[in-house]
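Notes follow once the structure below has been shown.
The values are calculated or read from the model by the stated rules, or taken from the named source; none is laboratory data. These numbers come from a predicted model, not from an experiment. So basically every Cβ, Gly included, is an ideal-geometry build from the backbone, and we count neighbours across all protein chains shown. Areas reflect the complete protein model, heavy atoms only, side chains present, ligands, DNA and RNA absent. Shrake-Rupley method; radii C 1.70, N 1.55, O 1.52, S 1.80 Å.
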Amino acid sequence: MKILETERLILRLQTTDDADFILELVNDPSWLRFIGDRGVRTVEDAREYILNSIHMYEKSGFCFYLVERKEDNIPLGLCGLVKRDSLEDVDIGYAFLPKYWGNGYAYEAASATLAYSINTLGLNRIVAITTQDNEASAKLLKKIGLKFERLVQLSNDAEELRLFSFNNDSKTL
């Protein structure tokens, strides 16, 4: 099911047919470094990961969407929203395979997702977290309108992460 469409991209719900792509993405060294190991080692694990995303969508009305290029339906990455137990606000996040970095896809998908969160879902505050050394993500978050707010820890034994926020005062983007 298509959720969002931009000039070059479609953001849609993941399906279990996307398992090979998800397996590749969540085991990419950049994902492991900046997001963390999700324990997805097999195509079956990837299907479970996808089913959890679908369950989140059914429960909350949002999740991480598969981002694919319109021109050829090639999957590029994930972008969407999540409500973490450890954060008060809904969190925007994204990850793309490195071979698609530098083309503006993450900016295009994240901008559309932020607008969707405000204009369609009616959220007034969106946050994002990054590791302290993930300068590329921090730069993109600032570019779409989020501002660094503070350092946070999601659990007692976790590293401190940078928390960025967007507070919507005008009710639309």
Checklist outcome for this item: Scanning the stretch 7-41 for residues that are within 22 Å of Glu135 (Cβ to Cβ), among the aliphatic types (A, V, I, L, M) and not in a helix (DSSP H, G or I) gives Ile35
Next on the checklist: Criterion first (touching a residue at least 60 places away in the same chain (Cβ under 8 Å) and either loosely packed, with under 14 Cβ neighbours inside 10 Å or over 22 Å from Ile54 (Cα atoms) (or both)) does Glu160 satisfy it?
Outcome noted: no
Checklist outcome for this item: If we ask which residues in the stretch 124-155 are more than 22 Å from Asp28 (Cα to Cα) and either without any contact (Cβ under 8 Å) to a residue 60 or more places away in the chain or open to solvent by 60 Å² or more (accessible area, probe 1.4 Å) (or both), their number turns out to be 15
Checklist entry - How about the stretch 42-76: which of its residues are under 23 Å from Glu108 (Cβ atoms) and open to solvent by 80 Å² or more (accessible area, probe 1.4 Å)? => result Glu71, Asn73
Checklist entry - Which residue pairs have Cβ atoms under 6 Å apart, sit 6 or more places apart or on different chains, and have a first residue in the stretch 101-123 that is more than 16 Å from Lys142 (Cβ to Cβ) and a second that is open to solvent by less than 30 Å² (accessible area, probe 1.4 Å) and basic (Lys, Arg)? => result none
